[in-house]
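The values are calculated or read from the model by the stated rules, or taken from the named source; none is laboratory data. What you are looking at is a predicted structure, and each value in this text was computed from that prediction instead of being measured. Here the Cβ positions follow ideal geometry from the backbone for every residue, glycine too, while neighbour counts run over all protein chains shown.
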Amino acid sequence: MEPENGEQAPLRAEVLRYGAHPSQRIEVGGPERRADGRPAPVAVLLHGGFWRDIRAADLMDPLGADLAAAGWRVWNTEYRRTGSDGGGWPQTLDDVRAALALLAERLPAEGSADRPDRVVAVGHSAGGHLALLAAPGSPLTSVVCLAPVTDLADAHRRGLGEGAVADFLGSELGGAELRAASPVAQVPFGLPQLVLHGDRDQRVPLQQSLAYTEAARAAGDPVELRVLDGVDHFAVIDPASPAWAQARAWMDASPQA
């Protein structure tokens, strides 16, 4: 099932590059300042698609347009993916870290009145996986995970994404690699997180978010889990859905690291 995102115009603005590969790019749009003159909060969008090149950053355009209209500065981030795009482990994660490093370079210094008070990553599915792993050492103040992939060993056993984990990790499918690439085994990440997951998700089982939240809280991370009744994998990225409204409300009042 594909997302039903209506007819919102895609977010198109300045294109930044954090590397020479065509996929190492970010589309930046939305206001730089709020109506009251304060710097706009920043949303870093990371799309899903099980790390494969059949999906691209435009999957998040409707959310980007919604956030920009609400006063957010949006960084819709592309990265190298598996297939013919040169992605995989760890280069896909390296790309997200490089994109966040570019954002850190462009932000005003800590303590400056011109620095945004919130820099929130919004990751869907595999994008949630990347957001969590890239968070430490980044300028992110919190993370919103929409139906995230958090346990690659479990995902590999279940065959999620028609064998997506094997494509992503390649020959690196030993226990150590699966742990290194799994957020559930890498907690704590040291910043507030919202996890939204529908109980009708047919692509990433809700059990992953239940187990991740338990592990993250035990490790000391402040994680809020919201289980969405009757919601599937794609409703969480539909800006007209109640699921996304919950994410937006949390972002607008999001706690800081």
- Residue count, segment 164-185, condition touching a helix residue (DSSP H, G or I) at 6+ places or on another chain (Cβ under 7 Å), surrounded by fewer than 18 Cβ atoms within 10 Å (Cβ to Cβ) and assigned to a loop (DSSP other than H, G, I, E, B), comes to 1
- Item | Those residues of segment 64-85 which are among the β-branched types (Val, Ile, Thr) and within 16 Å of His124 (Cβ to Cβ), in sequence order | Val74, Thr77
- So, first residue in a loop (DSSP other than H, G, I, E, B) and surrounded by fewer than 24 Cβ atoms within 10 Å (Cβ to Cβ) in segment 122-151, second residue polar (S, T, N, Q) and modelled with pLDDT under 95, Cβ within less than 6 Å, six or more apart or across chains; the pairs are Thr141/Gln256
- Query: Of Ala135, Ala126, Ala155, which residue is in contact with a strand residue (DSSP E or B) (Cβ under 7 Å, 6 or more places away or on another chain) and of a type outside the set (Lys, Arg)?
  - Reply: Ala135
- Message: Going by what's in this entry, would Trp72 be described as aromatic (Phe, Trp, Tyr), out of contact with any Leu (no Cβ under 9 Å at 6 or more places or on another chain) and modelled with pLDDT of 95 or more?
- Response: yes
- Residue selected from segment 60-86 under the condition acidic (Asp, Glu) and under 17 Å from Glu14 (Cβ atoms), by the criterion surrounded by the fewest Cβ atoms within 10 Å (Cβ to Cβ): Asp61
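Conditions tested, residue by residue: (1) surrounded by 23 or more Cβ atoms within 10 Å (Cβ to Cβ); (2) among the hydrophobic types (A, V, I, L, M, F, W, C); (3) without any contact (Cβ under 8 Å) to a residue 60 or more places away in the chain.
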site: Glu27; (1), (2), (3): no, no, yes
site: Gly30; (1), (2), (3): no, no, yes
site: Ala35; (1), (2), (3): no, yes, yes
site: Ala40; (1), (2), (3): no, yes, no
site: Ala43; (1), (2), (3): yes, yes, no
site: His47; (1), (2), (3): yes, no, no
site: Arg55; (1), (2), (3): no, no, yes
- Kindly list the number of the only condition in (1) surrounded by 19 or more Cβ atoms within 10 Å (Cβ to Cβ); (2) under 15 Å from Ser125 (Cα atoms); (3) not β-branched (Val, Ile, Thr) that fails for Pro239. (2)
- Subset of segment 186-198 (residues that are part of a loop (DSSP other than H, G, I, E, B), closer than 20 Å to Ala253 by Cα and either modelled with pLDDT under 95 or not hydrophobic (A, V, I, L, M, F, W, C) (or both)): Gly190, Pro192
- Message: Regarding segment 199-214, can at least one residue be identified that is touching a Leu at 6+ places or on another chain (Cβ under 9 Å) and either within 23 Å of Gly83 (Cβ to Cβ) or modelled with pLDDT under 95 (or both)?
- Response: yes
- Looking at Asp238, Asp151, Asp221, Asp229, which is the one that is among the acidic types (Asp, Glu) and within 25 Å of Gly87 (Cα to Cα)? Asp151
- Condition broken by Arg97, with the remaining ones in (1) out of contact with any strand residue (DSSP E or B) (no Cβ under 6 Å at 6 or more places or on another chain); (2) in contact (Cβ under 8 Å) with a residue 24 or more places away in the chain; (3) closer than 22 Å to Pro31 by Cβ satisfied: (3)
